[in-house]
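**Q** Submitted below is the structure of interest, expressed as structure tokens.
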Amino acid sequence: MDVCDILESAAATAYESANQLDGSKRKLALGVVRLIELARKRVDDTLQVWPTSSHV
């Protein structure tokens, strides 16, 4: 499992948790989803410019 898969699982878990909540707690959980999505985008962008020879 790579870091993108881990972040995707974390986002899905946070999103499912948000669906069980109301009000400010739901907004907080959705904020966590958004932060995870931003982290995943940052990882994806970094991997796009990472030298191919450095991948193991």
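The values are calculated or read from the model by the stated rules, or taken from the named source; none is laboratory data. Everything numeric here is computed off the predicted structure, so don't read it as measured data. Here the Cβ positions follow ideal geometry from the backbone for every residue, glycine too, while neighbour counts run over all protein chains shown.
**Q** Looking only at segment 29-52, which residues are among the charged types (D, E, K, R) and under 13 Å from the mean Cα position of the chain (by Cα)?
**A** Arg34, Glu37, Arg40, Lys41, Arg42, Asp44
**Q** Next question. Within segment 1-45, restricting attention to residues that are basic (Lys, Arg) and surrounded by 14 or more Cβ atoms within 10 Å (Cβ to Cβ), which residue is modelled with the lowest pLDDT?
**A** If we take residues in segment 1-45 being basic (Lys, Arg) and surrounded by 14 or more Cβ atoms within 10 Å (Cβ to Cβ), then Arg40 is modelled with the lowest pLDDT.
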